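Asks: Have a look at this one.
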Amino acid sequence: MNTQHNTILVLGGTGKTGRRVVERLQARGLPVRVGSRAGTPPFEWEDRATWAPVLDGTGSVYLSYSPDIAVPGAVDTVRAFAELAVRSGARRIVLLSGRGEPEAERAEQAVRDTGAELTVLRSTWFMQNFSEDYMLEHVLSGEIRLPGGDVPTPFVDIEDLADVAVAALTDDRHAGRVYELTGPQSLTFDDAAALIAAAGRPVTYVPVTLEQHAAELREHGVPDEVVELLTYLFAEVVDGRNAGTTDGVREALGREPRDFASYAAAAAGAWTATPAASR
Ligand SMILES: NC(=O)c1ccc[n+]([C@@H]2O[C@H](COP(=O)([O-])OP(=O)(O)OC[C@H]3O[C@@H](n4cnc5c(N)ncnc54)[C@H](OP(=O)(O)O)[C@@H]3O)[C@@H](O)[C@H]2O)c1
């Protein structure tokens, strides 16, 4: 057993945000452990026997829960993991949470209750959902068919989120803080499509109803629990309540967040590497 507790454990360390956090910590020469089912040792949320081995020698944790902090059962699982982390000697937890999601705030409180030094990254929707997640296929097909109406979302660039995570993992000043993370502009899906098109990938936004969206997902073989999650997110999160921008990135890093046009320019490779696919 390692009693030094100097390892930084990055859960979801192969995912969109975790991978970026790992890269930054490694670039600084800090001791990092990647938490993933393919990690060494492997970590599996559903198998609690895998939790203690990844916590051995861990002093700080970047906690991104998979598949989503809003799914049923997430709060209890995150609470149990955070309790074990603190009992195992970890002092600091940086929790990736979701903005405007009551379930996510319950998970935040559960982690806070463990007594860990907690920094909450309460994030809006990621820009990278368009290039590294479920909206990639929409972009490649030429039509973003989503039930987002004309509600604006202040999409955040997860390069910024990863910078904030690393600051919180390595600097005591962020303990106890809740950072609401957004980009600098609120954009409708129509605006986002126009900026992606301007970066070289022609695409349009086609608003659909929640029911149409769910039916189209099922037609494409998307599992029921994912359909339910996306329906919940579009109904509860993209309803206008979370349309405003926040100062979280500036509060944490002392600089402005990156804008969507810069993201789209950097992501253009993801949209040109594959020929337009049909969904
Ligand atoms: N997307 C958004 O716009 C958004 C906005 C706000 C908050 N969030 C939150 O972001 C979190 C997801 O973070 P992300 O997008 O960076 O991750 P991601 O890209 O969805 O990747 C998932 C990560 O979790 C690991 N993983 C998957 N299933 C696992 C399991 N059963 N046990 C252990 N590890 C598992 C994966 O690695 P392996 O496959 O190698 O195991 C991978 O590293 C969610 O909690 C979500 O609520 C997302």
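The values are calculated or read from the model by the stated rules, or taken from the named source; none is laboratory data. A quick note: this is a predicted structure, and the numbers were derived from the prediction, not measured. Here the Cβ positions follow ideal geometry from the backbone for every residue, glycine too, while neighbour counts run over all protein chains shown.
Asks: What do you reckon, is residue 25 hydrophobic (A, V, I, L, M, F, W, C), assigned to a loop (DSSP other than H, G, I, E, B), touching a Leu at 6+ places or on another chain (Cβ under 9 Å) and more than 14 Å from the ligand (Cβ to nearest atom)?
Replies: no
Asks: While we're looking at this one, here's another question. When residue 75 is evaluated against the numbered criteria (1) modelled with pLDDT of 95 or more; (2) under 30 Å from residue 265 (Cβ atoms); (3) within 15 Å of the ligand (Cβ to nearest atom); (4) out of contact with any Asp or Glu (no Cβ under 6 Å at 6 or more places or on another chain), which criterion, by number, is the only one it fails?
Replies: Of (1) modelled with pLDDT of 95 or more; (2) under 30 Å from residue 265 (Cβ atoms); (3) within 15 Å of the ligand (Cβ to nearest atom); (4) out of contact with any Asp or Glu (no Cβ under 6 Å at 6 or more places or on another chain), only one is false for residue 75: (2).
Asks: Sticking with this one: Looking at the range 153-161, can you tell me whether even one residue there is of a type outside the set (Asp, Glu), modelled with pLDDT of 95 or more, in contact with a helix residue (DSSP H, G or I) (Cβ under 9 Å, 6 or more places away or on another chain) and part of a loop (DSSP other than H, G, I, E, B)?
Replies: Taking every residue of the range 153-161 in turn, at least one turns out to be of a type outside the set (Asp, Glu), modelled with pLDDT of 95 or more, in contact with a helix residue (DSSP H, G or I) (Cβ under 9 Å, 6 or more places away or on another chain) and part of a loop (DSSP other than H, G, I, E, B).
Asks: Right, another one. Cβ-Cβ under 9 Å, sequence separation 6+ or interchain: first residue in the range 117-132 and near the ligand (Cβ under 10 Å from one of its atoms) and part of a strand (DSSP E or B), partner at pLDDT below 95 and charged (D, E, K, R). Which pairs?
Replies: Once the first residue is near the ligand (Cβ under 10 Å from one of its atoms) and part of a strand (DSSP E or B) and sits in the range 117-132, its partners that are at pLDDT below 95 and charged (D, E, K, R) give 122/99; 122/101; 123/99; 126/133.
Asks: How many residues, within the range 85-103, are at pLDDT 95 or above, part of a helix (DSSP H, G or I) and within 14 Å of the ligand (Cβ to nearest atom)?
Replies: 0
Asks: Can you pull out every residue in the range 142-152 that is at pLDDT 95 or above and either acidic (Asp, Glu) or in a helix (DSSP H, G or I) (or both)?
Replies: 143
Asks: In the list 208, 226, which residue meets the criterion of being surrounded by 14 or more Cβ atoms within 10 Å (Cβ to Cβ) and more than 24 Å from the chain's Cα centre (by Cα)?
Replies: Criteria check complete, one pass: 208.
Asks: Would you point out the residue of the range 104-116, among those that are touching a helix residue (DSSP H, G or I) at 6+ places or on another chain (Cβ under 7 Å) and of a type in the set (A, V, I, L, M, F, W, C), that is farthest from the ligand (Cβ to nearest atom)?
Replies: Checking each candidate, the answer is 116.
Asks: Working carefully through the options 261, 243, 265, find the one that is touching a residue at least 12 places away in the same chain (Cβ under 8 Å) and either buried (at least 17 other Cβ atoms within 10 Å of the Cβ) or not in a helix (DSSP H, G or I) (or both).
Replies: Result of the check over 261, 243, 265: 243.
Asks: Looking only at residues that are of a type in the set (D, E, K, R) and over 26 Å from residue 226 (Cβ atoms) in the range 66-100, which one is surrounded by the fewest Cβ atoms within 10 Å (Cβ to Cβ)?
Replies: 87
Asks: Next up: Which of the residues belonging to the range 135-158 are surrounded by fewer than 18 Cβ atoms within 10 Å (Cβ to Cβ) and within 19 Å of residue 268 (Cβ to Cβ)?
Replies: Once the filter is applied, which keeps residues that are surrounded by fewer than 18 Cβ atoms within 10 Å (Cβ to Cβ) and within 19 Å of residue 268 (Cβ to Cβ), the range 135-158 yields 137, 141, 142, 143.
Asks: While we're here: Considering each residue of the range 36-84, count those that are assigned to a loop (DSSP other than H, G, I, E, B), hydroxyl-bearing (Ser, Thr, Tyr) and under 15 Å from residue 15 (Cβ atoms), and give that number.
Replies: The number of residues fulfilling the criteria is 4.
Asks: If you don't mind, there's one more thing I want to ask. Need pairs with beta-carbon distance below 7 Å; first residue touching a residue at least 40 places away in the same chain (Cβ under 8 Å) and within the range 152-174, second part of a loop (DSSP other than H, G, I, E, B) and basic (Lys, Arg); sequence gap 6+ or separate chains.
Replies: 157/258; 159/258; 160/258
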